[in-house]
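Asks: Let me begin by handing over the structure; questions about it come next.
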Amino acid sequence: MSALCGYRRPAPGTQPSHLHPAYRSSVLRAPKQPLIYLPQTLSEITGPSITRERIDPKACDLTHQHAGEPLGERIVVSGRVIDEDNRPVSNSLVEIWQANSAGRYLHRWDQHDAPLDPNFSGVGHTRTDDQGRYRFLTIRPGAYPWKNDYNSWRPAHIHFSLFGPAFATRLVTQMYFPGDPLLAFDPIFNCTADEDARQRLISAFDWETTTPGQALGFRFDIVLSGREATPMETPQSHR
Amino acid sequence: MSRHATTSQTVGPFYALGLEWLCCGDFAASDVPGERVVISGKVLDGEGGAVPDALLEIWQADEHGKYAHPEDTQNRPLHAGFSGFGRVPTDDDGHFRFGTIKPGRVPGPGGRLQAPHLVVSVFCRGLLRRLVTRIYFPGEESNAEDFALSLVDESRRQTLIAKETGKEGALAWNVILQGPSETVFFDVGV
């Protein structure tokens, strides 16, 4: 086996700490012991690949999963998945889930007093193409109240889950909408020290993907860890 | 110009909506060769309370210590029907349970093989980033020379090793997010 390169560690301030007291759920769930630094091995630089056969080609359209059309503002959410060196992350699974236009999730624990939409489940997946591009057609999610503090509201967001090429590149994040007044008050959005890193979680309104007469376009590019320039030490390189 | 990886955000309480479709209780189909194990346990918070909204993801090699991944170019056979990936949620009582095969030893640093292990990501509401840990196997002599275990203080090492339950092939392993018996979590990157 030739020498393998690991994946880069995050730049300071660009990823949240586990404990973020303003986000109350982190208080009893964030570990208190320091994490143990583990050099990446074959176990971390390999990772799962969800094969093409498992992908439902219709799962990228969240507006046609039921008999009727969902209520709300139709939007196209698209972008590229790239690594820190601008290389496309191709043929990789992207999963999303979200609230409906009234701010209600189709989940038995969501007790928000807002209507469910029988025509909207709020779940989708797709695979990036050879250029790392993905595209979903969905409904703009609503904001909703949550029990973090007195009168807490989550800004409208879509959850994203990505694998990339390795265990070390796994990422779950949330996409927000430009100009949302709730962003300034949201402890989850504000969990990261680096202002630019926070701003990159906000999608951009995009004329290019806005479909005439049908849907507004929002662009959200996602960056996964890039490769180290120097090969890691491998057993094979010692032979 | 190089960029920075996108900031991680929590899966939140309703992740099942989006991620449940890939959940599966048995990661290895019946024709996949290898020693069968069933691993079960609980995810617990800092007050010992059950975490009913956690998700575990497992990544592992096959019985020969080979990963189903193009960058594992070891000259070893690979069973085409085994992806090495599993995803399992906790239930209302914070329990999880999955069946798989015990992996073989895979290469580690310094030209030495690692002890058989599963790599694990833990996601839940309250975790802004996933937690990464490993599951090792009880009674495995190679645990004594495993490089990752050797990075861990001996008093905490047992949190990474599943326990025998007395029933053949049935192992117990818990994820304790906080507290005196807190599980060891590793920093592997994002």
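The values are calculated or read from the model by the stated rules, or taken from the named source; none is laboratory data. Note that the coordinates shown come from a computational prediction; the quantities given were computed from them, not determined experimentally. Please note: Cβ atoms are built from the backbone with ideal geometry, for glycine as well, and neighbour counts cover all protein chains shown.
Asks: When the residues of the stretch A:93-132 are narrowed to those that are away from every other protein chain (no Cβ under 13 Å) and closer than 19 Å to residue A:156 by Cα, which ends up nearest to the chain's Cα centre (by Cα)?
Replies: A:101
Here's the yes/no breakdown for (1) loosely packed, with under 15 Cβ neighbours inside 10 Å; (2) at pLDDT 95 or above:
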position	(1), (2)
B:48	yes, yes
B:51	no, yes
B:59	no, yes
B:80	yes, no
B:84	no, yes
B:90	no, yes
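Asks: Among what's in the stretch B:76-122 and is among the polar types (S, T, N, Q) and assigned to a loop (DSSP other than H, G, I, E, B), pick the residue that is farthest from residue B:65 (Cα to Cα). Spell out the reasoning first.
Replies: Kept after step one, since they are among the polar types (S, T, N, Q), are these residues of the stretch B:76-122: B:83, B:90, B:100, B:114, B:121.
Next cut, assigned to a loop (DSSP other than H, G, I, E, B) only: B:83, B:90, B:114.
On the way: B:83: 13, B:90: 28, B:114: 10 Å.
So, considering only residues that are among the polar types (S, T, N, Q) and assigned to a loop (DSSP other than H, G, I, E, B), the one farthest from residue B:65 (Cα to Cα) is B:90.
Asks: Taking residue B:27 as the residue in question, decide whether it is buried (at least 19 other Cβ atoms within 10 Å of the Cβ), of a type outside the set (Lys, Arg) and within 10 Å of chain A (Cβ to nearest Cβ).
Replies: No; evaluated as a whole, the condition is false for this residue.
So that you can scan it fast, the table gives a plain yes or no per residue for (1) in contact with a Phe, Trp or Tyr (Cβ under 7 Å, 6 or more places away or on another chain); (2) more than 21 Å from residue B:117 (Cα to Cα); (3) surrounded by fewer than 20 Cβ atoms within 10 Å (Cβ to Cβ); (4) within 7 Å of chain B (Cβ to nearest Cβ):
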| site | (1), (2), (3), (4) |
| --- | --- |
| A:15 | no, yes, no, yes |
| A:33 | no, yes, yes, yes |
| A:39 | no, no, yes, yes |
| A:57 | no, yes, yes, no |
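Asks: For residue B:71, work out the one condition from (1) at the interface with chain A (Cβ under 9 Å from one of its Cβ atoms); (2) surrounded by 21 or more Cβ atoms within 10 Å (Cβ to Cβ); (3) not hydroxyl-bearing (Ser, Thr, Tyr) it doesn't fulfil.
Replies: (2)
Asks: Just the residues that are more than 16 Å from the chain's Cα centre (by Cα) and part of a loop (DSSP other than H, G, I, E, B), please, taken from the stretch B:162-187.
Replies: We begin by selecting, within the stretch B:162-187, every residue more than 16 Å from the chain's Cα centre (by Cα); these are B:164-169, B:178-181.
Result: B:165, B:166, B:167, B:168, B:169, B:178, B:179, B:180, B:181.
Asks: Output yes when any residue across the stretch A:213-230 is of a type in the set (A, V, I, L, M) and away from chain B (no Cβ under 11 Å), and no when none is. Let's see the steps before the verdict.
Replies: Initial filter on the stretch A:213-230 (of a type in the set (A, V, I, L, M)): A:215-216, A:222-224, A:229.
Retained after the next criterion (residues that are away from chain B (no Cβ under 11 Å)): A:215-216.
Yes - at least one qualifying residue is present in the stretch A:213-230.
Asks: Might you check whether a residue that is among the charged types (D, E, K, R) and at the interface with chain A (Cβ under 7 Å from one of its Cβ atoms) occurs anywhere in the stretch B:51-68?
Replies: Checking the stretch B:51-68: not a single residue is among the charged types (D, E, K, R) and at the interface with chain A (Cβ under 7 Å from one of its Cβ atoms).
Asks: Any residue at all in the stretch A:222-231 that is closer than 18 Å to residue A:100 by Cβ, touching a strand residue (DSSP E or B) at 6+ places or on another chain (Cβ under 7 Å) and not in a helix (DSSP H, G or I)?
Replies: Checked the stretch A:222-231: no residue is closer than 18 Å to residue A:100 by Cβ, touching a strand residue (DSSP E or B) at 6+ places or on another chain (Cβ under 7 Å) and not in a helix (DSSP H, G or I).
Asks: Determine whether residue B:108 is at the interface with chain A (Cβ under 8 Å from one of its Cβ atoms), touching a helix residue (DSSP H, G or I) at 6+ places or on another chain (Cβ under 7 Å), under 23 Å from residue A:168 (Cβ atoms) and without any contact (Cβ under 8 Å) to a residue 40 or more places away in the chain.
Replies: On the way: at the interface with chain A (Cβ under 8 Å from one of its Cβ atoms): yes; touching a helix residue (DSSP H, G or I) at 6+ places or on another chain (Cβ under 7 Å): yes; under 23 Å from residue A:168 (Cβ atoms): yes; without any contact (Cβ under 8 Å) to a residue 40 or more places away in the chain: no.
In short, no.
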